[in-house]
Structures are given as structure tokens and as C-alpha cells.
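Comments concern the structure below.
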Amino acid sequence: PPVPLEGTTWSLKFLQDPQDNVVATATGTTVSAAFAGGTVTGSAGCNTYTGTYTLDGDQLTIGGLTVADGTKKTCDSPAGIMDQEAVYLANLGGAVRLVQTAGVLQLLNADDETSLAYGAP
């Protein structure tokens, strides 16, 4: 059966880097997204974040992404984690379409390219 969008904590598996390459998340990092009642929350790898979302069919709008002030920090390990976090948050904010197939959730950008790919736990 399909995995519900809301009520599932989605685990990021791949993201599109600034050179348009699809890369796996850095080893040792956990990046997640949970959608519920118009709010998206999760871990960006080092910091937690929150934002708003609207979904109209498969059209997705995400806005107001902020890193939680109480937990905002800089992580040194693994190497590149802060770069990955910045790319993740930019891709999340730039998502315009959602494609969900069973336990896979893809967020697509304005060029209709998969910028983030998640798996259900």
C-alpha cells in the first residue's frame, strides 16, 4: 500500500548538487522531512528546520524555511555536512512538484528535475 505523505518521517537518500549531479547523502548524516498540517519539519543533517507547505494535486510550494534558533550550530563532521545542509535547504525551498510512488518521495524543481529523493523508513 502507498505510504502516506503526512505522518511519515521521510529519510533523504539523494539530492541534486549545484552542478546538477544527483548525489547520495553524506555517510553518517540523517536528513529528514515530515509533512503535517501545512508544516514541514525535519533534520537538515546538522540543524533542525521548519517551514510551511501547500500541496495542490502534485504542485508543491514550500516557504518560510528557518533553522530552529535553539539548535542552530555548525557541525564539523562528517566533512561537507554544512555544504550538504545548505544545498538541501535550497532544494527544499525550490521544490515545485511532488511525485510519490509507494515508499519513494521525489521533490522536483522548476526544471522538472528531481532535486530531492526520500525513502520511507
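Only the coordinates and a few stated rules stand behind these numbers; no lab work does. Only a predicted model underlies this, so the values are computations on that prediction, with no experimental measurement involved.
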Relative contact order of the chain, pairs being alpha-carbon contacts under 8 Å that are 6 or more residues apart, as %: 27 percent
Among 23, 67, 40, the residue with the largest mean-square fluctuation in a Gaussian network model of the chain built from Cα contacts under 10 Å is 23
Percent of Cα-Cα pairs per 10 Å bin, from 0 to the last occupied bin, for the chain, please list those. 14, 50, 32, 4
Report, to the nearest 10°, how far helix 81-93 tilts away from the longest principal axis of the Cα atoms in the chain, using its own Cα long axis and a range of 0 to 90°. 30 degrees
Under the rule of -39500 (n - 2.57) per DSSP H run of 4 or more residues, summed and divided by the residues of the chain, what mean residue ellipticity at 222 nm is obtained, to the nearest 500 deg cm²/dmol? -3500 deg cm²/dmol
Can you tell me which of 102, 86, 44 moves the most in a GNM of the chain? Springs connect C-alpha atoms under 10 Å apart. 102
